[in-house]
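Nothing in this text is a laboratory measurement; each read-out follows from the coordinates by a stated rule. Keep in mind it's a predicted model, so treat the numbers as computed, not measured. Virtual Cβ from ideal backbone geometry, glycine too; neighbours counted across all protein chains shown.
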Amino acid sequence: MRTFSRNVMTAMVVLAASPVLAMAAPGAVALDSSIKLDKAVTVNGQTTHEYVSPQKVVPGNHLLFVTQYRNTSDKPVDHFVVTNPVPSPVALESVGADNFEVSTDGGKTWGKLAQLTVAKPGVAPRAAQSSDVTTVRWVIPVIAPGASGTLQYHAVVR
Amino acid sequence: MKRICNLLAAGAATVGLVGGHSAHAAGTLAGTLIQNTANATFSSGSSTSTIQSNTVTVKVDQLVGVAVTALTSTPVTIGTAPAVLIYQVTNTGNGADSFDLTGAPNVSSNQFNATVQTVAIDTNGNGVYDPGVDTVITNGAASQTLAADASIKVFVLAASPTTATDTQTSQVRLTATSVIGSGTPGTLFAGKGTAGVDAVVGASGGTANALANLIASLANVTLTKSALVADPYGGTNPVPGALVTYTIVAHVVGSGTAGSLTVTDAFPSGTTYQANSLTLGGTALTDAADSDAGTASATGITVALGSVAGGAADKTIAFKVKIN
C-alpha cells in the first residue's frame, strides 16, 4: 500500500529539479502546481513507486497531483484553504484521500470521502466512490512566516 | 527555467480541461490535455486574499490496441463455390489508427488448406459481401483509418482445393496489425500517434487475430453399369440378334451437391443402338437433342442430370442395343 506522506517534500523538490516557487503569486503566499507520473516497479512481489516527470501518459497511468505552498511574508497566514478541481480525464484514487476533504458536486458540499453519498436522479443514494469526486480541498489553520508544505492527491487517467 | 516536458506555465489560466473528454472503452482520447490549477484563500493580519497557482498541463498520448473476432461462429461450408468468412476488427486504442489485414489459410490443425481469393472491407456495413460495392484490398494491405473504439467487418473469400473431401474441416486466420506500431507492450513510437502525439503499444501488442471455421461440403458420384441380355430364343446368351439392356445408376453421396452432372456412355462396337430406347427413371427420353435430358448420337448416349444433391435418390439410366 502506498504511504507517500506530506512530509516527503524534499524528495519532491529533488524530482522537480527547479526552484520550487518560480511564479510568486501576489501577496504573502506562493502556490505552485505540478503533476508527476507514478512509475511503479514490482520486483519479487514488492512494488516500489517512483514519481517522475510525465514524459508519456496513457489511459491507465497513475498520476500524482502536487501543490506546494510557502508563506513568503513575515506574518503568519491563517485559515489557508486550497481548492483543487480534479481534471475530468482523470479519476481520483482513494489512497491517501482521508488526508483531505472532497466534493462530488463541484464544490457545493464537502466532506471526507468515506462519509459522502451520491444521489443521481431516479437512482437510490449510494456511497461516494473516489471516481465521483470533482474537487479536493485542504484546510491548513496556520502557516508560520517562511514555512512551506506540500499537498497532493493520486489520480488515474481514465 | 524549463521544468518538465509538457508543462505550460500560465498566468490566470482556465481551470479544468481543454480538448473534450467523453467516455470511451479505450480510455481518454489521445491528445486530451490534463490541466491542473490550485486556488487558495487565506487571511493575514486583517486582510483576506485569494491566489491561484500556475496551470500545469500534461497531454494524453496514444495507446495502440486492436481486437479481432470471427463473426461466422458455425463452420461455413466450402465446396465448388468459395466460402465467405466474416471477421470484426476493432480499434481498442484511444486514438485513430489503421490496421494491416492478412488472411492466412494454412493453420496447423487443418485437414485441408483453402486458398484466400479475396479480402474485402464491408464498406456498406451490411454484413454481406457485395461485389463491386465492398472495397477489395490486397491481402496484407491496410484498412482505412478507424477512430478509437470504431470497428469494421472484413470478408475473406476462401476457395477449396480439389483434394478436400466431404466434411473435412479447415480454419482461416485473419490478423490485424496496427500501422502506427506493434511489438512488446510499452514500446514507444515517438510522434507517430494521431496529431503527432507519442504512441505507446498497449497490452494487445498492437496486433490481434481470430480463426474462422470451414467445413467442406462436397458430393461424390459413383456410376454403376450392368447389362441384361435377352436372346431371340428366350435365353440370355449374347448371340447375334440378342438385345442387351444397359442400366447405369448414378449414386451421389456427401453433404454437397454434384452440379451439372452429365452421364455419357459409348455403344460397344459390334452392336446397334435401338432408337428411342433411352430412359431415365423408367421414363422414355427422345434421341433428338430437345428439351428432355437425353440425346443419342451415332456413337453413344448423353443424359444431363443437372444438380443432384448428396443423398438424393439414385438416378437410373437405361438403353438398349442389339448385338450385330
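What percentages make up the Cα-Cα pair-distance distribution of chain B when the bins are 10 Å wide from 0?
The percentages, shortest bin first, are 5, 17, 16, 13, 12, 10, 8, 6, 4, 3, 2, 1, 1, 0, 0.
Principal axis lengths of the protein assembly as shown from Cα atoms, whole Å, largest first?
In descending order, the Cα extents are 142, 47, 45 Å.
Taking the Cβ of B:ALA258 as the center, what net charge do the other residues with Cβ under 14 Å away carry, scoring Lys and Arg +1 and Asp and Glu -1? Don't skip to the answer; put the middle values down first.
On the way: positive: B:LYS315; negative: B:ASP166, B:ASP314.
Net of charged neighbours comes to -1.
If one puts a single equal scatterer on every Cα of region B:219-323 and applies the Debye formula without solvent, what log₁₀ I(q)/I(0) results at q = 0.14, 0.16, 0.18 Å⁻¹?
Per q value, in the given order, log10 I(q)/I(0) is -0.56, -0.71, -0.85.
Most fluctuating residue of B:LEU278, B:LEU101, B:LEU85 in a GNM of chain B with Cα springs under 10 Å: which is it?
Its mean-square fluctuation being the largest, the pick is B:LEU278.
Which entries of A:LYS56/B:LYS153; A:LYS39/B:LYS59; A:LYS36/A:LYS75; A:LYS56/A:LYS112 show an alpha-carbon separation above 28 angstrom in the structure shown?
Correct reply: A:LYS56/B:LYS153; A:LYS36/A:LYS75; A:LYS56/A:LYS112.
Sequence neighbours fewer than 8 away in the same chain don't count; with that in mind, list the aspartates and glutamates whose C-alpha is under 12 Å from A:LYS120.
Correct list for A:LYS120: A:ASP105, A:ASP132.
Name the long-range amide H neighbours of A:SER73: under 5 Å, sequence gap of 5 or more, or other chain; modelled H, no Pro or chain starts.
A:GLY146
When the Cα centres of region B:87-120 and region B:147-203 are compared, how far apart do they sit, in Å?
A separation of 6 Å, based on Cα centres.
Skipping prolines and chain starts, which residues have an amide H placed within reach, meaning under 5 Å, of the one on B:ASN54, given they are 5 or more residues away or on another chain?
A:SER33
Please work out the Cα center distance from region A:62-135 to region B:273-308, rounded to the nearest Å.
Each part's Cα centre sits 92 Å from the other's.
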